[in-house]
Structure formats: structure tokens, C-alpha cells
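A short worksheet on the structure shown next.
The values are calculated or read from the model by the stated rules, or taken from the named source; none is laboratory data. Here the structure is a predicted model, which is why all the values come from computation and not from measurement. FYI the Cβ positions are ideal-geometry reconstructions off the backbone, even for glycines, and counts take in every protein chain you see.
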Amino acid sequence: MKRLVILGAGTGGTALAHILRRRLSPAAWAITVVDRSPDHYYQPGFLFVPFGLYAPRRLVRERAGLLPGDVELVIAPIEGIDPAANEVRIGGGEALPYDILVIATGCDIAPGETPGLLDDWRVTAFDFYTPGGSAALARRLESFQGGTLAVHVNEMPIKCPVAPLEFAFLADWHFLRRGLREAVDIVFVTPLSGPFTKPAASAALGALLGERGIRVVPDFAAERVDAAARKLVGYDGREVAYDLLVSVPTNMGDQVVGDSGLGDELRFVPTDPKTLRSKSHENIFVIGDAANVPASKAGSVVHFQARTVAGNVERAAAGRPLAAEFDGHANCFIETGRGRAILIDFNYEVEPLPGRFPFPLVGPLPLLKPSRLNHWAKLAFRPIYWRLMLRGRPLPFISDRMAMAGKKRPPAAGATA
Ligand SMILES: Cc1cc2nc3c(=O)[nH]c(=O)nc-3n(C[C@H](O)[C@H](O)[C@H](O)COP(=O)(O)OP(=O)(O)OC[C@H]3O[C@@H](n4cnc5c(N)ncnc54)[C@H](O)[C@@H]3O)c2cc1C
């Protein structure tokens, strides 16, 4: 009997366990999934908790009920990965041998990486990337009566790179509804030269931030937080004062990846961007936020990666050459408040373009502009996540590889109408 071990039962690990259990014969392959916690959180919901739009208890389910019955789930911390011995060490000292390993340990915030950020943590400085952070921020926002709200991105890459923008837009809407918008100065502080990594989307989002009266402080690399004086201090000497800081701290891969010598300086696993195999070990594959590939760290991306990883695990098991299939496809709904959202669809090669999605002309979802339909589609993501994505089922009308149908390319430079 051969052994496939999947580290992490989050979005990627769970979906992959389903797909591979359907494809690998149970008589030939045992599949074990390891996670430190029995609870699976729907992380996109953390964005809505601070504004009272989702109750935290509706975002969590037991992992055991989310995996196929003939996959073994081990709830324990992963303490070491030994690629030379093809073995994983888990809490209690037990060793799990593997023939093929999939790393799906995701990434998490590391607020300790920025001096001072933890000094007034969850008093004046908050995150919304964790269950505890989003719940604490909900309580703080309820009593916030006015002042400067700084929404801060410390360093890229972060998971869901649009989430801090969405937070700023939702904050605008939240204070508008409470009649406090005039009393709150919202400032978006980013290490990027614009609000988003991709130029066309950055221009569209920048215009919308301007319309909503949200100031952008670009190219800001925070050296430290002066919690007593309530200000962010940049390496270039610039300062941003705040009354309430909502930070997306540095995101890092899990400690065990770093300790096992499998990660880069941010503990992301060097991974081939198209085959999703580890660059250093032939029997290790990586899915989702744990990989260092230049795709967005998002649940949609994990979904589009899953069949490539599953197919390549099967090929590796059969000694066949891998398929270089993954194209970096990402599909993100960006909540812009006031009941609207923007949809962007892109990959390694093609940046977000205007047009209609998923079908040309009829859409029905418009690309790169706010619409009510996109907002409803964003809310529909939650049942789709539990029912389809986690089970590794295809999404209706959306292929793993990005389609150009419905997208309008800008005219080539110098072309005449
Ligand atoms: C606020 C927020 C909003 C988001 N919004 C969206 C959105 O709108 N759309 C979208 O597509 N994506 C969104 N995302 C991103 C999405 O949730 C992640 O990209 C996705 O969950 C990544 O899946 P993963 O399997 O790589 O990691 P995860 O789902 O994070 O799973 C990693 C698992 O590994 C386990 N693990 C890690 N280390 C260890 C260890 N040492 N021992 C044992 N277990 C371990 C963890 O417990 C965890 O269960 C959002 C994320 C956040 C935080």
C-alpha cells in the first residue's frame, strides 16, 4: 500500500483529498490529511464580520465532516518534514511516512514582524484575517465615533490581495449608514505604487477610492508602528497618524515549512508555477497559499490549481511526465460597498480586462466595474465554497484555465479605430 500525505485540511487540502480519493484506488493508496485544528473556517467571511454582516459562528464547520470517509484525518500539529526520509513528524512524536507529499499549509499573518504592531494589539491596532481579529474589530467598530481609520498593508504577498481594499470600501459604507462618514477619514496605506498589483484594475479601483473620499498613501514601507503616538512610521521618514489601525500584517508560510528547510525567506515553498511540484523534491507537490508561485493567494486560485496538482500526483505515482497546466487563473469579486462589487478574472499572462463574464455579450457579470449582480455573486461564493469547491467539484461555467471569451483587449498601441 502506498501513502499519500496531505499537510493542511484547509481549502486546498480538503478539495485535493476529495479529487484524489476519487482518482486513486483505495486498494493501492492510503490518503492521510493532517491539520492542527478540528475547525475549518470560511476565511472570506472574516471580511464581513467587523461590519456585523456575518456572524462568526456561521463561518465554521467541523473538518471531519468535510472530508471523504475513506480518507484518514489526523488532528495534530505538524512538527517536522524530513524529505530525505520521506517522513512527516506530528505532535506526540509520531512519524508519518509518505510516498508522495502535498503541502497545503497555507499562510498566516505575522504581526510580530513589524516592530510596535503588537504593542496596542486589539486595542487601537487590529487585523481582520483571523477569527479572533475580525470579532474583536467588530466590537471596536461598533463604538468608533470618528477619527482617522488607517487600512494598512504591510508587505506583499498577502492572501486575498483585494481584501484590504474591500475593507476600506465597506468601512466607507458602514460609516455612511451610521451617519458618521464625515467624521471618519479613511486612509489606505500600501507598499504598492497603487491600490492593486495589476495596473488596469489598480486604475479602476483608484478612481473608485477617490470617488468615495478614501485617501491612498502609496509606496509606504512601514519600518515600525509607534503605538503610543498612534502612527505608522515609514523607512523613508513619512508618517501616517491614525486613531484606529486595521493592518494586514506580513503574511508568512507556516513555521514548520521554514524549520524543515523547505521555504524561502517568507517560508513559502519554491514551487514550479505550472506543474505545482516543489522545485527541490520530486515527490512533493504544493497547493494554495503555501506556494511561492506568482499567482494570487486566493481560494479561487486554489480551486483552479487543484486538478493540476491531482493530475500531477497521479502522473508522478505512475512514473509519467508531469503536465505544465496551471496558468495562474484567478477570479476575484471585490466588494465595493453600497451593495456592489467588481469582478476581475486574470492569469499569469493576462491582466484583468473589461468585458462580460462568463459569456460574451450576455455575461451576465460585468468585468472591472461595480455592479449589484457581482455583489450577489460574491455572497453566493459561500455556499459554492462549502458545496462545490471543498469537494473538488468544477464550478458551473468557469473553467480552470482562464478563458478570453467576453474579455475586451485594449487596442494595441498605435492602432487606429
Ligand atoms: C479576510 C480574508 C478574505 C478572503 N477573501 C477571499 C475571497 O473573497 N475569495 C477568495 O478566493 N479567497 C479569499 N481569501 C483567501 C482564501 O481563504 C485562501 O487563499 C485559501 O483559504 C487558501 O487555501 P489553502 O488551502 O492554501 O490554505 P488554508 O485554507 O489557510 O489551509 C491551511 C491549513 O493548514 C493548517 N496548518 C498550517 N500549518 C500547520 C501545522 N504546522 N500543523 C497542522 N496544521 C497546519 C491550518 O490549520 C489550515 O487549516 C480570503 C482570505 C482572508 C483571510
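The single condition among (1) within 15 Å of the ligand (Cβ to nearest atom); (2) more than 23 Å from the chain's Cα centre (by Cα); (3) not aliphatic (A, V, I, L, M) that Arg3 does not meet is (1).
With the requirement that a residue be within 16 Å of the ligand (Cβ to nearest atom), under 24 Å from Leu262 (Cα atoms) and acidic (Asp, Glu), what does segment 105-135 give you? Correct list: Asp108 only. Filter segment 106-149 for residues that are of a type in the set (Val, Ile, Thr) and either outside any loop (DSSP other than H, G, I, E, B) or assigned by TED's automatic domain parsing to the domain that holds Val293 (or both) and give the result. The answer is Ile109, Thr148.
Within segment 185-207, residues that are among the aromatic types (Phe, Trp, Tyr) have Cβ atoms under 6 Å from residues that are part of a helix (DSSP H, G or I) in these pairs: Phe188/Ala168; Phe196/Ser202; Phe196/Leu205, counting only partners at least 6 apart in sequence or on another chain. Considering (1) within 16 Å of the ligand (Cβ to nearest atom); (2) assigned to a helix (DSSP H, G or I); (3) over 18 Å from the mean Cα position of the chain (by Cα), the lone condition that Gly13 does not fulfil carries the number (3). Quick one: which strands (runs of 3 or more DSSP E) sit completely within segment 238-342 and have at least 2 residues that are in contact with a helix residue (DSSP H, G or I) (Cβ under 9 Å, 6 or more places away or on another chain) and buried (at least 20 other Cβ atoms within 10 Å of the Cβ)? Hits in segment 238-342: 244-248, 251-253, 284-286, 330-337. Would you check if there is a residue in segment 241-261 being hydroxyl-bearing (Ser, Thr, Tyr), out of contact with any Gly (no Cβ under 6 Å at 6 or more places or on another chain), without any contact (Cβ under 8 Å) to a residue 24 or more places away in the chain and outside the structural domain of Val88 (by TED's automatic domain parsing)? So far as segment 241-261 goes, no, none of its residues is hydroxyl-bearing (Ser, Thr, Tyr), out of contact with any Gly (no Cβ under 6 Å at 6 or more places or on another chain), without any contact (Cβ under 8 Å) to a residue 24 or more places away in the chain and outside the structural domain of Val88 (by TED's automatic domain parsing).
Yes or no: segment 20-31 includes at least one residue that is surrounded by fewer than 16 Cβ atoms within 10 Å (Cβ to Cβ), in contact (Cβ under 8 Å) with a residue 40 or more places away in the chain and within 15 Å of the ligand (Cβ to nearest atom). No, because not a single residue in segment 20-31 is surrounded by fewer than 16 Cβ atoms within 10 Å (Cβ to Cβ), in contact (Cβ under 8 Å) with a residue 40 or more places away in the chain and within 15 Å of the ligand (Cβ to nearest atom). Taken as a whole, the condition of being within 9 Å of the ligand (Cβ to nearest atom), of a type in the set (S, T, N, Q), modelled with pLDDT of 95 or more and not assigned by TED's automatic domain parsing to the domain that holds Tyr385 does not apply to Ser278.
Of all the criteria given as (1) under 25 Å from Gln43 (Cβ atoms); (2) away from the ligand (no atom under 13 Å from the Cβ); (3) not in a strand (DSSP E or B), the one not satisfied by Pro411 is (1).
Scanning segment 304-340 for residues that are in contact with a strand residue (DSSP E or B) (Cβ under 7 Å, 6 or more places away or on another chain) and either on the phi > 0 side of the Ramachandran plot or within 9 Å of the ligand (Cβ to nearest atom) (or both) yields Ala330, Asn331, Cys332, Phe333, Ile334, Glu335. Evaluated against (1) in contact with a strand residue (DSSP E or B) (Cβ under 7 Å, 6 or more places away or on another chain); (2) more than 26 Å from Asp345 (Cβ to Cβ), Ala183 falls short on exactly one condition, (1). Being within 12 Å of the ligand (Cβ to nearest atom), of a type in the set (A, V, I, L, M), out of contact with any helix residue (DSSP H, G or I) (no Cβ under 7 Å at 6 or more places or on another chain) and closer than 30 Å to Glu223 by Cβ is the requirement here; does Ile90 meet it? Here the answer is no, as Ile90 does not meet what is asked.
When every residue of segment 46-59 is checked against the conditions, none turns out to be in contact (Cβ under 8 Å) with a residue 40 or more places away in the chain, near the ligand (Cβ under 8 Å from one of its atoms) and over 30 Å from Ser143 (Cα atoms). With the structure loaded, tell me whether Trp376 is within 23 Å of the chain's Cα centre (by Cα) and without any contact (Cβ under 8 Å) to a residue 12 or more places away in the chain or whether it fails that test. Spelling it out, Trp376 is indeed within 23 Å of the chain's Cα centre (by Cα) and without any contact (Cβ under 8 Å) to a residue 12 or more places away in the chain.
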